[in-house]
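First the structure, in the form of structure tokens, and then the observations on it.
We did not get these values from a lab; they are worked out from the coordinates using the rules stated. Keep in mind that what you see is a predicted model, and the values were worked out from it rather than measured. Methodologically, a virtual Cβ is constructed for each residue, glycine included, from the backbone with ideal geometry; neighbour enumeration extends over all protein chains shown.
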Amino acid sequence: MPESALMRYVLWGGGCLQVGIGAVVWVIARDVVRHQSVVLAVIVAFLVAAPTFYIIDAVAGLLRPWCWVDFGCCFLAGMVPLLFCLWPAKQSPNHGMQPTEASRSESLNPRLVTRHPPR
């Protein structure tokens, strides 16, 4: 690998972006119903990136096992959350990531939601 300022910039910048993207995904994962559109965008990005990474690796001349590992990791990172979004929960009457009326009103303004104590 060439020892140059540009290569260090690319490597450190790429690492910084990965940490930032990981932090965003972590924040989104705390409330997937509220951030449903962002969750779906992240899933689509990973599923599109999987064949893109394979092509980039193949054109760059990397070994085929490396191409498949890169493809597989990206594909799984998109497919596993997609399956969880599509898989209906047993306890919930809703299917998949359909927001409830309470989560819609709380996401708009949590102060407007009146909570009544149980009788």
Quick check: from the Cα gyration tensor, does the range 1-58 come out rounded (a/c under 1.5), prolate or oblate? oblate
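Please report the net charge: other residues with Cβ closer than 14 Å to the Cβ of Pro51, K and R +1, D and E -1. Walk me through the intermediate numbers first.
On the way: positive: none; negative: Asp57, Asp70.
Every neighbour counted, the sum reads -2.
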